[in-house]
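Working notes, structure below.
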Amino acid sequence: MIIVINATLAGGASMGAAANLINWPFCAMIVGFVAGMCAALGFSYCAPFFKKYLRLHDSQGVQYGFGWAGIIGGIVSVISCAMAEWNF
């Protein structure tokens, strides 16, 4: 259940910066889906790898839920600003 919660939070965190610039709901759904999948897969597969080999333990999935989602949101924000500048 924690994976679903992290994926939901990641979708919201990724849309935080570019929410006022995206005109189509379908684009927001795609960004949220990508961020949610990155959070879910990161929590499922990267967390054991980081814990075993790098000795980094993230019990709540903050790195995957907000860190990677913030990077995705920043990239989407840059793309949205560029599209707003060019009047797409």
With 0.36 nm assigned to each residue of separation and the Cα-Cα distance removed, ALA82 to ILE5 gains 24.6 nm
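When the helices in the chain are scored as -39500 (n - 2.57) per DSSP H run of 4 or longer and the sum is shared across all residues, what 222 nm value do you end up with, to the nearest 500 deg cm²/dmol?
Details: 3 runs with 49 residues, N = 88.
Taking each H run of at least 4 residues, the total per residue is -18500 deg cm²/dmol.
At 4 °C and 1.567 mPa s, grab the translational diffusion coefficient of the chain from Stokes-Einstein with a Kirkwood Rh over Cα pairs, rounded to a whole number in µm² per second.
Numbers: Rh = 13.3 Å.
Using the Kirkwood radius from Cα pairs, D works out to 97 µm²/s.
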Within segment 52-88: backbone nitrogen closer than 14 Å to the TRP24 label point (7 Å, Cα to C-beta):
80, 83-84, 88
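Report the calculated FRET efficiency for PHE33 and SER59 (r = Cβ-Cβ distance, R0 = 22 Å), to the nearest 0.05.
On the way: r = 25 Å, r/R0 = 1.14.
My answer for the efficiency is 0.30.
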Measuring from the longest principal axis of the C-alpha atoms of the chain, the long axis of helix 2-15 (C-alpha) lies at a number of degrees, nearest 10, equal to 30
Nearest-ten-degree value, helix 68-85 long axis tilted from longest Cα axis of the chain
10
Between 0 and 90 degrees, rounded to the nearest ten: what's the tilt of helix 25-41 against the longest Cα principal axis of the chain?
10
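Computed from the coordinates by the stated procedures, all read-outs in this text should not be read as laboratory data. Please read all numbers here as calculations on a predicted model, not as lab measurements. Backbone-built Cβ (ideal geometry, glycine too); neighbour counts: all protein chains shown.
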